[in-house]
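Read through the structure below, which is laid out as structure tokens, and then see the notes.
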Amino acid sequence: MNGILNWILWLPILGALGVIVTPKAKENVIRMVTLFTTSITLILSVLLYLKFDTSTADMQFVVKFPWIEQFHINYFLGIDGITMLMTFLNALLFFICTLSSWTVEKNVKAYFALLLMLQSTVFGVFFSLDFFLFYVYWEVMLLPMFFLIGIWGGENREYAAIKFFLYTFFGSIFMLVGIIALYYASGKGVDSFNILALQGGKFVNETVMIFGHTFSFEHLFFWFMFLGFAIKVPVFPFHTWLPHAHVQAPTAVSVILAGVLLKMGTYGFLRIAFPIFPQAAVDYSSIIAWLGLISVIYGAFCAMAQDDMKKLIAYSSVSHMGFVMLGLSAMTTQGMNGAVLQMFNHGTSTAMMFLLIGILYERSHHRWIVKPDGSKGYGGLSTKLPKYTTVFIIGMFASLGLPGLSGFISEALIFLGIYQKFTTITVIAVVGLLIGAAYLLWMFKRMFFGEVNPETEEYDDMNAREVFYMIPLCICVVVFGIFPSPLLNVMKASVGQLVDLLAKF
């Protein structure tokens with residue numbers, strides 16, 4: 001089992017090479033190679049979960065050997081409870097996205113090769129325990145995303161791809177400066193790029209001179225890291241790239257973007273910003289909470305104003321990720337557990353919504369709830385598409401936090417965690433839940449009830465392939481809504497360790 005992380009990390013690259021050497025004309029073979037690769041990766045992730053020791057917060061399945069010895073840079077991989085959830089989510093969504101991409105006909109070979117490359121880089125971000133390695137994967141991830149949006153996206157795909165790339169790259173530059181600063185502040189020693197060794201508040205009393213002024217090293221470079229991760233989440237006001245990227249991206253890429261890539265930002269807070277700069281994290285927790293609250297309310301109001309259902313769900317992601325930031329700012333056991341659980345649950349419920357939008361788009365070739373000319377985009381779908389309507393109801397109610405489905409328990413834990421520390425923010429944030437229910441139910445009413453749109457008569461209900469790849473997500477939102485312990489038990493030791501560290505400052 002010691003090499004299982006290597007297999008999970010490198011198998012998608014091997015799959016991508018298999019796709020590349022497959023003749024371009026054999027499109028079904030390319031699809032099957034990709035499906036086989038993502039299937040094996042998912043099986044290995046499940047095996048990893050079954051072998052995972054939930055009683056310890058220590059890194060497990062560690063792989064470490066020298067890479068660039070002169071600068072003490074290592075190929076250093078490992079996972080804890082938080083990483084375990086993200087690993088399973090990543091493997092599950094890429095498997096589902098492969099099936100949902102079966103109808104892609106444009107440059108099939110390049111599409112699936114880039115999709116597998118993207119999966120490997122995301123695994124690399126979650127597994128890396130060496131700062132240099134982490135940054136390499138963080139940056140390389142931009143390349144497949146840039147091309148997937150820029151080539152297979154909608155009408156304004158080039159603009160969306162460039163905006164996504166520039167925003168994320170801008171934040172990455174600040175993160176790189178922070179990594180270099182940590183390297184020198186730690187004495188350029190053996191553990192200067194070791195993320196675990198840098199944790200624990202070692203830089204609380206350090207200072208740094210910039211432009212003739214002395215700054216607290218901890219407080220200054222916390223914000224450098226914060227900026228890099230906040231853009232990825234995205235936290236208000238760094239969110240403007242997200243709706244463009246979602247609307248223009250093909251369905252599978254929207255699923256990966258909302259389901260996994262946004263979580264890389266909050267994962268960065270949990271793995272790097274908070275444990276390495278705990279004093280600054282505690283000192284600025286109220287600012288983080290207010291930014292999270294603004295994201296919740298602003299994202300919800302923006303979602304309510306949308307006539308494009310994909311843009312509506314994109315803005316809902318800004319709102320839901322705001323709840324994750326609220327949970328992180330609480331720095332309590334309930335709040336942190338709720339935040340990590342919300343990262344997973346949002347990944348499954350939002351993936352459902354984007355996949356369902358993609359299914360409907362393939363039939364109607366538009367995403368308008370209300371068309372630009374004021375006419376109805378859809379109507380009476382519930383009478384014509386019963387299977388689609390049933391799955392849509394499950395995904396929608398999971399997103400709005402209905403008790404018994406996955407969204408509820410994570411949001412409940414977040415509110416339990418932040419109430420004592422940020423009572424006012426908690427009360428205001430509840431309004432975000434109300435607005436979320438309003439825009440989702442209003443969308444549902446306009447699309448599924450009322451008079452049947454004549455165009456709807458031509459739509460077919462979900463086929464066997466579409467039902468098959470939606471079933472795992474339906475199971476996740478229902479089972480983990482009723483019985484979240486399998487997820488909470490995995491993360492509790494790692495989250496508890498981080499909460500204990502922050503409590504010292």
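The values are calculated or read from the model by the stated rules, or taken from the named source; none is laboratory data. What you see is a predicted model, and the numbers here were worked out from it, not measured in a lab. FYI the Cβ positions are ideal-geometry reconstructions off the backbone, even for glycines, and counts take in every protein chain you see.
See the values below:
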quantity: Residue within segment 193-216 that is in contact with a helix residue (DSSP H, G or I) (Cβ under 7 Å, 6 or more places away or on another chain), of a type in the set (Asp, Glu) and buried (at least 23 other Cβ atoms within 10 Å of the Cβ) present; calculated: no
quantity: Any hit, segment 378-394, residues being touching a Leu at 6+ places or on another chain (Cβ under 6 Å) and buried (at least 23 other Cβ atoms within 10 Å of the Cβ); calculated: yes
quantity: Test: residue in segment 156-170 that is polar (S, T, N, Q) and crowded, with 19+ Cβ neighbours inside 10 Å; calculated: yes
quantity: Some residue of segment 39-60 being basic (Lys, Arg) and either modelled with pLDDT of 90 or more or in contact with a Gly (Cβ under 9 Å, 6 or more places away or on another chain) (or both); calculated: yes
quantity: Any hit, segment 444-452, residues being surrounded by fewer than 17 Cβ atoms within 10 Å (Cβ to Cβ), small (Gly, Ala, Ser) and touching a residue at least 40 places away in the same chain (Cβ under 8 Å); calculated: yes
quantity: Segment 219-257, residues that are farther than 22 Å from Met175 by Cβ and of a type in the set (A, V, I, L, M); calculated: Val247, Ala249, Ala252, Val253, Val255
quantity: Flag if Phe354 is assigned to a helix (DSSP H, G or I) and either in contact (Cβ under 8 Å) with a residue 60 or more places away in the chain or of a type in the set (Ser, Thr, Tyr) (or both); calculated: yes
quantity: Filtered residues of segment 281-291 (kept if in contact with a helix residue (DSSP H, G or I) (Cβ under 6 Å, 6 or more places away or on another chain) and within 21 Å of Phe170 (Cβ to Cβ)); calculated: Ile288
quantity: Residues satisfying the stated conditions in segment 215-234, i.e. under 13 Å from the mean Cα position of the chain (by Cα) and under 26 Å from Glu158 (Cβ atoms); calculated: Ala230, Ile231, Lys232, Val233, Pro234
quantity: Residue count for segment 57-93, restricted to those that are aromatic (Phe, Trp, Tyr) and assigned to a helix (DSSP H, G or I); calculated: 2
quantity: Criterion: buried (at least 24 other Cβ atoms within 10 Å of the Cβ) and out of contact with any Pro (no Cβ under 6 Å at 6 or more places or on another chain) - qualifying residue of Gly268, Gly299, Gly358; calculated: Gly299
quantity: Test: residue in segment 419-431 that is assigned to a helix (DSSP H, G or I), at pLDDT below 90 and farther than 28 Å from Ala280 by Cα; calculated: yes
quantity: Residues within segment 453-478 that are part of a helix (DSSP H, G or I) and either in contact with a Cys (Cβ under 9 Å, 6 or more places away or on another chain) or in contact (Cβ under 8 Å) with a residue 40 or more places away in the chain (or both), tallied; calculated: 16
quantity: Leading residue by the ranking (surrounded by the most Cβ atoms within 10 Å (Cβ to Cβ)) among those in segment 413-425 that are in contact (Cβ under 8 Å) with a residue 40 or more places away in the chain and farther than 13 Å from Thr333 by Cα; calculated: Phe422
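Rundown of residues vs (1) surrounded by 17 or more Cβ atoms within 10 Å (Cβ to Cβ); (2) touching a residue at least 24 places away in the same chain (Cβ under 8 Å); (3) of a type outside the set (A, V, I, L, M), yes/no style:
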residue	(1), (2), (3)
Leu50	no, no, no
Asp58	no, no, yes
Trp67	no, yes, yes
Tyr75	no, yes, yes
Phe95	yes, yes, yes
